[in-house]
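Down below is the structure, laid out as structure tokens.
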Amino acid sequence: MSKKILVAYFSASGVTADAAKTIARAVGADLYEIRPETAYTSADLDWMNRKSRSSVEMNDPDCRPAIAGPAVDITQYDAVFIGFPIWWYVEPRIVDTFLESYDFSGKTLIPFATSGGSGIEKAAQSMKNHSPKAVWKPGKLLNRANAASWAKAAAEQSEAR
């Protein structure tokens, strides 16, 4: 593959991180962790508590949690896989922070997600709204098993555009 690829991901429990690392190895990509400036605790991630940090963030469409530095130089990449766990049927707000922090005009973006039961469709549409000038490829819900083979096929498709 001749394109330079980045795998950017946010992971709260490590499941998405495992998928991101598998994808990066499979396609020879650089890896960038979207880390929150303030790390999430298990109490923050308690989706059953309406006052938990994640619940408060997800109930506010304008919330943009800060990302810990350093920033990544997006200009050097042709394609970016963006990984995240599904929260409330969409991407976590910190992924929106990431998407709105860079100019992805003309770059190929490929979302991937992990989830215990939700699909990626609503998240993929939401992400397009946050970075409409990117060239979006179909996303995939990955729960480890098929991450490498899917990533190779997706990277090859991004070459063909």
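What follows is calculated from the coordinates using simple rules that are stated; it is not laboratory data. Every value quoted in this text rests on a predicted model; they were computed, and no experiment measured them. So basically every Cβ, Gly included, is an ideal-geometry build from the backbone, and we count neighbours across all protein chains shown.
The figures follow:
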read-out	value
Cα coordinate range in the range 5-159, projected on the principal axes (Å, largest first)	44, 32, 26
Two-site FRET efficiency, residue 121 against residue 71, from Cβ-Cβ distance with R₀ of 22 Å, rounded to 0.05	0.15
Within straight-line cross-link reach of residue 3, lysines at Cα separation under 27 Å, skipping those fewer than 8 residues along the same chain	21, 107, 128, 133, 137, 140, 152
Angstrom value of the Kirkwood radius, inverse mean 1/r, which spans all Cα pairs in the range 51-130	13.4 Å
Cβ-Cβ FRET estimate between residue 157 and residue 30, R0 fixed at 30 Å, reported to 0.05	0.95
Fraction of alpha-carbon pairs over 17 Å apart in the range 1-95 - percent	53 percent
